[in-house]
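Following: one structure in structure tokens, then a few remarks.
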Amino acid sequence: MASAGSGDEKAATVTLISSDNEHFEVPEAVATLSQTIRHMIEDGCTDGGVPLPNVTGRILAKVLEYCNKHAAASDKDELEKFDKAFVDIDDQATLFDLVMAANYLDIRGMLDLTCQTIADMIKGKSVEEIRETFNIKNDFTPEEEAEIRRENQWAFDD
Amino acid sequence: MSHDGPGSSAGAGAGVDALSLDLLAHALAGVRDPRDRKSCRLASRAFARAEAASRRAARPLRREALPRVLRAFPALAALDLSACAGLDDASLAAALLPAPGGAELGVRRVRLARASGVGWRGLEALVGACPRLEAVDLSHCVAAGDREMAALAAAAGLRELVMDKCLGVTDVGLAKVAVGCPGLRRLSVKWCREISDIGIELLAKKCPDLRSIDISYLKVSNESLRSLSTLKKLEDIAMVGCLFIDDDGLQMLSAGNSLQSIDVSRCHHVTSQGLALLIDSQRFIQKINAGHSLHEIETCFLSKLSTIGETLTVLRLDGLEIFASNLQAIADSCKNLAEIGLSKCNGVTDDGIASLVVNCSYLRTIDVTCCHLLTNDALAAIAENCRMVECLRLESCPFINEKGLERIGTLCSNLKEIDLTDCRINDEALQHLTSCSELQILKLGLCSSISDKGLVYIGSNCAKLVELDLYRCSAITDEGLAALVRGCKKIRMLNLRYCTQITDAGLKHLSTLEELTNLEMRCLVRITGIGITSIAVGCPSLIELDLKRCYSVDDAGLWALSRYSQNLRQLTISYCQVTGLGLCHLLGTLRCLQDVKMVHLSWVSIEGFEIALRASCGRLKKLKLLGGLRSVLSPELLQMLQACGCRVRWLDKPLVYKG
């Protein structure tokens, strides 16, 4: 298994390079929480660092926060507490960025966590409230909307 | 995992639009509540597409919707067709036809309970179109027989099959399924009385993975239990009302040791000894239901309970004679009990309950229906010791009154269901229950001292209430209903039978209950079409409506139902002032209506009945009519009804006005 990064042989590390050229040196054990990076390490193409053009430095830092915690800790309650705090974000844009980063880097746990957070934001809300929460425009034509309302009413339950 | 292209997460302002369809669908997959999902469908086109891509379960209400439901939701795994009005083989097969270039269906679970229009042709089409089919529920399709079983036997991956009340099924059909579906894990053949020991023997040989079996009410003998004892993985067996099984059979069952749940209720030849022997060999039993059997509780059984004291969580001994000493013995052995059933048990006293709950503090469900000796002291003991109690059944305990509920209200904040039918309680009881904010089901039938004041208490804090029974609480008026609906907006089932003071104004209040599905208003003599109209307009989810003896309801009310209550399935309009025209319109337009009771419609002529019933042909499944009509309705009509699978009950009752 090729290990990139500094010549320090004590713990193999890999360098991740964000889209805005920030460098993060990360132990392999942590970085391989991302299946994408794990495949790259296994294929031996991590010399000189792994460029991640889809992830900014700010988001990558947060992702690594998650990976660090989940690679180290084993206590279920501790991880649960961490996860809850991790997604307690005021800024929706960051949440969506994390979803996309988790998808791109193929970190299953983080993807499920951030997606469930979005689902939880929808719980109990009316249509108007959902649109307001996510700042969505109603792009239905009146006929389309009427059709969906009709279907909701009598086509199917559940 | 999908990799979308360089989706710009370039820092500022990534809105939800930045998420690809797959990612948004992944997020919406976590939205479980059906109402929330419907809201998502209306938010935007992207949300509607993502909702469709992530929807895993659907329950179509009309057969016209079926083709679309099957194609629009690629992730669909569970399909519930039990409410699909008018479903028959032709429409099912047509809907299942593969679209050109379309993917195969991933449906795994299909529910066809009471779908009496579906037969072997439809089932063949279903099995053919759904290669991943794992679970089928065909219960109460009374015409289903061996031909239908043959169709299901082609689903090689079938794991769960429920065939309760499929009266036509015999050993031959069961054999076909056993051979064709060797991976079967759960099977229920309740009431399929043509099945015998031979069928069960073959089943046990061919399906070694069986974990759960229900042979209730079959005429099988101990030999079936001998066959079933060979199943190494059998965990759960139900044999309610198996009159040909006795202690010898239970002894044969003892050959295995994997049982976790056993139901021998109503088995008149099973005694304490047989059950004790069975428990001896099974170390992991969690649930025992021996209601209405055992003749009497003997020490041999009670002492054996200590061997399973750690694992036993459910014990039902309904209908047996039980004394305080017995309850003490149970309490000493089984500290982990979560549910105890003592309904109709003679001999249960306050002392017995006290000794039980002192040791069994984890009890969540306590059923002491008709335990006539119990007083408020028993309730105090329960409240003190079982703080986590969720379900209390206290029907017909005449010495329990409102004082008994004081401690329950303060200490049992987890209470979700309480049945106080026929108890002598007044509004003060409801005042105590206000603090139970988790309350979902409240039954107050025959509690004639309950008045509007009580409803004010309930409305003030029990926001999760879903079911309320006020049968014969005749002091209730419109004001009480107003207070109720202000606080309890989630009510789905409401029984107001004989609450005769209620008028149209009260119904106007009820019309704000958007989730109302079942409404019983028998003998509400003051309500008219105006009240019915407000209900019809305001409660779009209405499925069942009982208007028997609402003498002032006329065509206008029924017209509103025809127009707005499109999901109505069950309707009782006996004694209402409806004419032939109104009836015809009603039966003609309500496409989901399946069950109608219309006895003593004095304003409908014979022609009126003829036209109205023809208008609904093909949809009605159950009909109740005055006996006298049998001889005057045309034979063609009666034949047509029968051919369409409609069962008619003829009632010979004299015309008497009440209320």
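The values are calculated or read from the model by the stated rules, or taken from the named source; none is laboratory data. All values reported here derive from a predicted model rather than from experimental measurement. Counting neighbours? That spans all protein chains shown, and the Cβs are built from the backbone with ideal geometry, glycine included. The protein model used for the area step is the full one, side chains on, heavy atoms only, and it has no ligands, DNA or RNA in it. Shrake-Rupley method; radii C 1.70, N 1.55, O 1.52, S 1.80 Å.
Odds and ends about this structure:
- Of the helices (runs of 4 or more DSSP H) lying entirely inside the stretch B:404-510, those carrying at least 2 residues that are under 28 Å from B:Met388 (Cα atoms) and open to solvent by 40 Å² or more (accessible area, probe 1.4 Å) are B:405-411, B:427-433, B:452-461.
- Filter result (more than 21 Å from B:Glu235 (Cβ to Cβ) and either among the charged types (D, E, K, R) or surrounded by fewer than 23 Cβ atoms within 10 Å (Cβ to Cβ) (or both)) within the stretch B:272-295: B:Ser272, B:Gln273, B:His292, B:His295
- Subset of the stretch B:321-348 [of a type outside the set (A, V, I, L, M, F, W, C), under 32 Å from the mean Cα position of the chain (by Cα) and either surrounded by 18 or more Cβ atoms within 10 Å (Cβ to Cβ) or modelled with pLDDT of 95 or more (or both)]: B:Glu339, B:Gly341, B:Ser343, B:Lys344
- Residues (open to solvent by 30 Å² or more (accessible area, probe 1.4 Å), within 7 Å of chain B (Cβ to nearest Cβ) and either polar (S, T, N, Q) or in contact with a Ser or Thr (Cβ under 6 Å, 6 or more places away or on another chain) (or both)) located in the stretch A:114-158: A:Gln116, A:Ser126, A:Asn135, A:Asn138, A:Asp139, A:Gln153
- Each residue in the stretch B:21-35 was checked for being among the small types (Gly, Ala, Ser), facing chain A (nearest Cβ under 7 Å) and either assigned to a helix (DSSP H, G or I) or closer than 14 Å to A:Val127 by Cα (or both), and 1 pass.
- Of all the residues in the stretch B:563-573, those that are surrounded by 21 or more Cβ atoms within 10 Å (Cβ to Cβ) and away from chain A (no Cβ under 14 Å) number 3.
- Among residues of the stretch B:222-247 being within 30 Å of the chain's Cα centre (by Cα) and either closer than 13 Å to B:Lys190 by Cβ or hydroxyl-bearing (Ser, Thr, Tyr) (or both), the one that is surrounded by the most Cβ atoms within 10 Å (Cβ to Cβ) is B:Ser224.
- For the stretch B:292-329, residues that are within 18 Å of B:Cys370 (Cα to Cα), assigned to a loop (DSSP other than H, G, I, E, B) and aliphatic (A, V, I, L, M) total 3.
- Subset tally (residues that are assigned to a helix (DSSP H, G or I) and either closer than 15 Å to B:Leu23 by Cα or facing another protein chain (nearest Cβ under 9 Å) (or both)) for the stretch B:36-65: 20
- One residue stands out in the stretch A:96-113 among those that are open to solvent by less than 10 Å² (accessible area, probe 1.4 Å), more than 8 Å from every other protein chain (Cβ to nearest Cβ) and part of a helix (DSSP H, G or I): the one that is farthest from B:Ala50 (Cα to Cα), namely A:Leu105.
- The lone criterion from (1) in a helix (DSSP H, G or I); (2) open to solvent by 20 Å² or more (accessible area, probe 1.4 Å); (3) at the interface with chain B (Cβ under 9 Å from one of its Cβ atoms) left unmet by A:Ala93 is number (2).
- Within the span defined as the stretch B:7-20, one or more residues are more than 8 Å from chain A (Cβ to nearest Cβ), part of a loop (DSSP other than H, G, I, E, B) and at pLDDT below 90.
- Qualifying residue in the stretch B:365-382 (condition: more than 20 Å from B:Glu417 (Cβ to Cβ), touching a strand residue (DSSP E or B) at 6+ places or on another chain (Cβ under 7 Å) and surrounded by fewer than 18 Cβ atoms within 10 Å (Cβ to Cβ)): yes
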